[in-house]
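**Student:** Before I ask anything, let me first share the structure, which is written out below as structure tokens.
The values are calculated or read from the model by the stated rules, or taken from the named source; none is laboratory data. Computed from a prediction, not measured in an experiment: that's the story for all the values here. Heads up, the Cβs are rebuilt from the backbone with ideal geometry, glycines too, and the neighbour counts pull from every protein chain shown. Protein only, heavy atoms only, side chains kept; ligands, DNA and RNA dropped before computing areas. Shrake-Rupley method; radii C 1.70, N 1.55, O 1.52, S 1.80 Å.
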Amino acid sequence: MTTCGLCRAGCGLRVRVVDGRAVKVEGNPESPVNRGGVCARGQAGLQLLYHPERVRAPRRRVGQRGENRWQEIPWDEAIADLAAELAKVRSAGEPQSLVLLDGEYAGATQALWTRFMAAFGSPNHVGHGCGGRAQIAQAVRSLTGATGVAGYDFEHSACVFLVGTGALESSPHAIGLARAMGRTPRPHVFCASPRLPQMATFVDVWMDVAPGTATALLLGLAHVLVRDNLADLAALETAVGFLPSMADSGPQPGLRARLLAEFSPGSVASTTGVSAERIQDAAHTLANQRPAVVAVDEELVELGAAAAAILVNTLLGSLNVAGGMRLDRGDAFAFSALRPDAAASAGLAAPPLDGRKGSDLAESRLLALPQAMLSAKPYVARVLLQSYSNPVYSKPDGKIWREAIAKVPFVVSFSPFFDESTALADLVLPDHTFFERWDVVETGTSLAFRQPVVPPIANTLATGEVILRVAGVLGGSIARAFPWNTMRETALAGLSAATKARPSLFDDLQSQGAAERAPDAKAAVVVDVRSISWAPPSAPSDSVRFPFALEPFRGPGYAEGGLRQMAWLAELPAVMNPWGQRIEISFDDARRLGIEHGDDVLVESSFGMLPAQAQVSTTVRPGVLGLPLGREDAMGVLGSFVDEASGHWLASATRAQIRKVA
């Protein structure tokens with residue numbers, strides 16, 4: 001048994017092995033995550049394992065960057081090269097000049113990276129949550145003061161209100177929703193999104209909300225719940241900022257007063273494009289069909305919507321209850337306390353490279369990073385590590401990422417494939433696939449156990465093992481911070497605190513492949529709502545030239561980082577294929593522009609052009625173009641628009657035009 005590593009769901013897998021070769025993948029019926037189900041990505045994992053283009057050994061660049069000329073070297077030599085470069089920046093008193101781009105999911109490997117960066121002395125451990133996960137985590141911290149992640153108990157919900165299409169297409173929560181839709185009676189489902197996937201036939205009500213206005217829609221639902229005495233107000237009356245507060249200038253209006261004054265269904269309708277009647281009906285349905293839950297798209301959601309979803313769930317009495325929104329402890333996997341040495345302490349005291357301080361912004365530094373690397377302010381990035389990170393491909397404005405990476409003197413990639421960002425590296429230290437390595441992964445509501453089902457088929461090494469070896473070569477306080485010899489030993493050490501609280505945890509992980517985590521009781525109480533705010537988006541200045549809003553989405557076959565090596569995913573039906581050439585357009589817009597289904601079209605923004613085939617649909621809001629992420633050039637038309645207050649990506653802020661190609 002092992003755990004799928006192609007998304008954050010952490011579905012349990014059973015792998016049939018014949019003569020040492022994995023030949024069949026099935027879902028693990030004992031796993032509390034997927035209970036035996038497995039999607040196309042899980043099945044395609046075998047192609048990842050046996051793909052002929054895997055990097056089969058460590059490689060050092062011998063040509064110019066981008067020439068794809070490499071020399072295969074032994075692991076001891078590769079680790080010595082990396083340790084020597086790291087030792088240089090430490091001895092120069094610049095440990096903060098080490099930058100790590102870490103796209104790995106929460107768990108043992110990510111915890112090892114966190115510990116390594118702290119022991120080394122760099123504040124630049126940069127995650128990939130700028131598009132959604134970080135917003136949800138920041139909203140949880142701001143409203144509840146707790147550190148955790150959100151999960152949704154769809155299986156026990158009577159009513160589900162989805163914001164965005166993640167749970168319908170590509171999200172850790174998709175498997176839970178699928179299980180819920182298979183039971184009788186199934187929950188009543190709303191989906192608020194500018195587009196609705198064609199496969200979402202079980203959605204009962206589609207609310208075609210205008211891009212960037214989901215926060216206002218949720219606050220409109222909250223207005224109705226409060227106004228019509230349908231809300232659990234006792235859960236919020238002690239929250240800072242909910243009731244009027246006394247200040248030097250007198251009472252200041254609280255969120256409750258603002259909800260009633262500013263977010264009536266009529267006011268919200270003019271902004272969101274959803275009628276007042278539908279907003280009111282949705283709020284009453286949520287209140288009358290409990291347990292009800294509001295779930296936001298984990299990959300593409302703005303901070304305001306993430307916070308407003310917690311508010312509405314609180315008003316519905318749906319925090320940490322069966323059928324509701326679960327806020328879980330974020331410390332299930334942890335090592336012993338670390339004492340940085342003097343050099344590390346000095347480096348950690350430096351500002352992060354992008355200039356933003358604070359743990360709330362740690363996941364949101366990614367989009368500001370390339371410009372900081374190019375400007376070399378407040379300091380130069382001297383070593384760049386890329387772990388499960390391919391920003392040239394998977395993040396907006398890939399051109400600036402190419403320029404920024406090219407400016408770093410020493411670049412290391414841990415990718416098992418030569419992807420777009422790895423091509424710019426100086427050293428490649430290829431990781432095992434998830435079928436070949438030990439790990440423990442936090443998947444939201446569960447801990448998942450990953451163990452090798454086959455021996456490594458190439459001369460690769462788990463990234464966690466590389467961290468341990470590099471720490472040993474660096475020596476001193478860094479080596480002492482990593483007393484473990486193997487990744488398995490490391491994973492068990494990280495679980496020691498959790499197993500003391502739950503003695504059966506390790507046995508459950510071994511027998512079931514995963515174990516559900518206990519909800520965080522502290523996170524069930526909203527203590528501060530002052531961060532919930534929203535202002536109508538300003539009219540786009542380029543709306544004449546670019547009349548459409550681009551709405552990016554991740555289809556069911558999407559795999560982060562450009563894993564186009566999995567041909568099974570590329571051959572999915574058009575509506576699910578993440579690498580298809582399509583662009584979704586509404587029936588009304590297509591008719592007005594003389595575009596027919598299947599026509600060749602050109603999509604243009606101020607950032608680039610994208611050839612595509614028109615997919616005319618009645619489930620796309622007029623004025624919106626649905627852009628599937630996955631194909632290599634999709635991100636090239638999206639701008640890196642950032643919420644200055646939080647650093648989060650405004651995914652729906654790019655404007656575009658579309659025209660038929662003669």
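**Student:** Quick one: which of Ile310, Ile400 is β-branched (Val, Ile, Thr), surrounded by 24 or more Cβ atoms within 10 Å (Cβ to Cβ) and either in contact with a Leu (Cβ under 6 Å, 6 or more places away or on another chain) or modelled with pLDDT of 85 or more (or both)?
**Tutor:** Criteria check complete, one pass: Ile310.
**Student:** Ok, one more. Got a number for residues in region 152-181 being hydrophobic (A, V, I, L, M, F, W, C), under 18 Å from Pro194 (Cα atoms) and touching a residue at least 40 places away in the same chain (Cβ under 8 Å)?
**Tutor:** Total satisfying the criteria: 5.
**Student:** Right, here's the next one. Name the single residue that is surrounded by the most Cβ atoms within 10 Å (Cβ to Cβ) among those in region 639-659 being at pLDDT 90 or above and in a strand (DSSP E or B).
**Tutor:** The residue in question is Ala656.
**Student:** Considering only region 180-189, I want to know if a residue exists there that is surrounded by fewer than 24 Cβ atoms within 10 Å (Cβ to Cβ) and under 29 Å from Asn390 (Cα atoms).
**Tutor:** No: zero hits.
**Student:** Applying the selection to region 257-282, what residues are out of contact with any His (no Cβ under 8 Å at 6 or more places or on another chain) and among the aliphatic types (A, V, I, L, M)?
**Tutor:** Ala257, Ala261, Ala269, Val274, Ala276, Ile279, Ala282
**Student:** Would a scan of region 414-436 turn up a residue that is open to solvent by 40 Å² or more (accessible area, probe 1.4 Å) and over 30 Å from Gly20 (Cβ atoms)?
**Tutor:** There is no residue in region 414-436 that is open to solvent by 40 Å² or more (accessible area, probe 1.4 Å) and over 30 Å from Gly20 (Cβ atoms).
**Student:** Inside region 118-150, can you point out the residues that are of a type outside the set (A, V, I, L, M), touching a strand residue (DSSP E or B) at 6+ places or on another chain (Cβ under 7 Å) and at pLDDT 85 or above?
**Tutor:** Across region 118-150, the qualifying residues are Phe120, Ser122, Asn124, His125, Ser142, Thr144.
**Student:** Now for a separate question. For region 283-292, does any single residue satisfy the condition of being at pLDDT 95 or above, open to solvent by 40 Å² or more (accessible area, probe 1.4 Å), under 27 Å from Ser531 (Cα atoms) and part of a helix (DSSP H, G or I)?
**Tutor:** Yes.
**Student:** Right, here's the next one. So how many residues does region 389-418 have that are in a loop (DSSP other than H, G, I, E, B) and in contact with a helix residue (DSSP H, G or I) (Cβ under 6 Å, 6 or more places away or on another chain)?
**Tutor:** 3
**Student:** Sticking with this structure for a sec: If Ser171 meets every condition in (1) out of contact with any Gly (no Cβ under 7 Å at 6 or more places or on another chain); (2) at pLDDT 90 or above apart from one, which number is that one?
**Tutor:** (2) is the only condition that Ser171 fails.
**Student:** Determine the pairs where a residue that is in contact (Cβ under 8 Å) with a residue 24 or more places away in the chain, located within region 1-30, has a partner that is of a type in the set (Lys, Arg) and surrounded by fewer than 19 Cβ atoms within 10 Å (Cβ to Cβ) with Cβ atoms under 6 Å apart, the partner being 6 or more residues away or on another chain.
**Tutor:** Cβ pairs passing all conditions: Met1/Arg14; Asn28/Arg14.
**Student:** Restricting the search to region 352-388, which residues are at pLDDT below 90 and in a loop (DSSP other than H, G, I, E, B)?
**Tutor:** Asp354, Gly355, Arg356, Lys357, Gly358, Arg365, Leu366, Leu367, Ala368, Lys377, Tyr388
**Student:** Oh, and also: Give region 78-113 a look and list any residue that's at pLDDT 95 or above and open to solvent by 20 Å² or more (accessible area, probe 1.4 Å), or say none.
**Tutor:** Once the filter is applied, which keeps residues that are at pLDDT 95 or above and open to solvent by 20 Å² or more (accessible area, probe 1.4 Å), region 78-113 yields Ala80, Asp81, Ala84, Glu85, Ala87, Lys88, Arg90, Ser91, Ala92, Gly93, Glu94, Gln96.
**Student:** Is there any pair linking a residue in region 34-53 that is at negative phi to one that is surrounded by fewer than 18 Cβ atoms within 10 Å (Cβ to Cβ), with Cβ under 6 Å and at least six apart or on different chains, and which?
**Tutor:** As it stands, the answer is Ala44/Trp568, since those pairs meet every condition given.
**Student:** Any idea how many residues of region 552-593 are at pLDDT 95 or above and open to solvent by 40 Å² or more (accessible area, probe 1.4 Å)?
**Tutor:** 5
**Student:** Here's something else I'd like to know. Just checking, how many residues over region 613-638 are under 26 Å from the mean Cα position of the chain (by Cα), buried (at least 19 other Cβ atoms within 10 Å of the Cβ) and outside any loop (DSSP other than H, G, I, E, B)?
**Tutor:** 10
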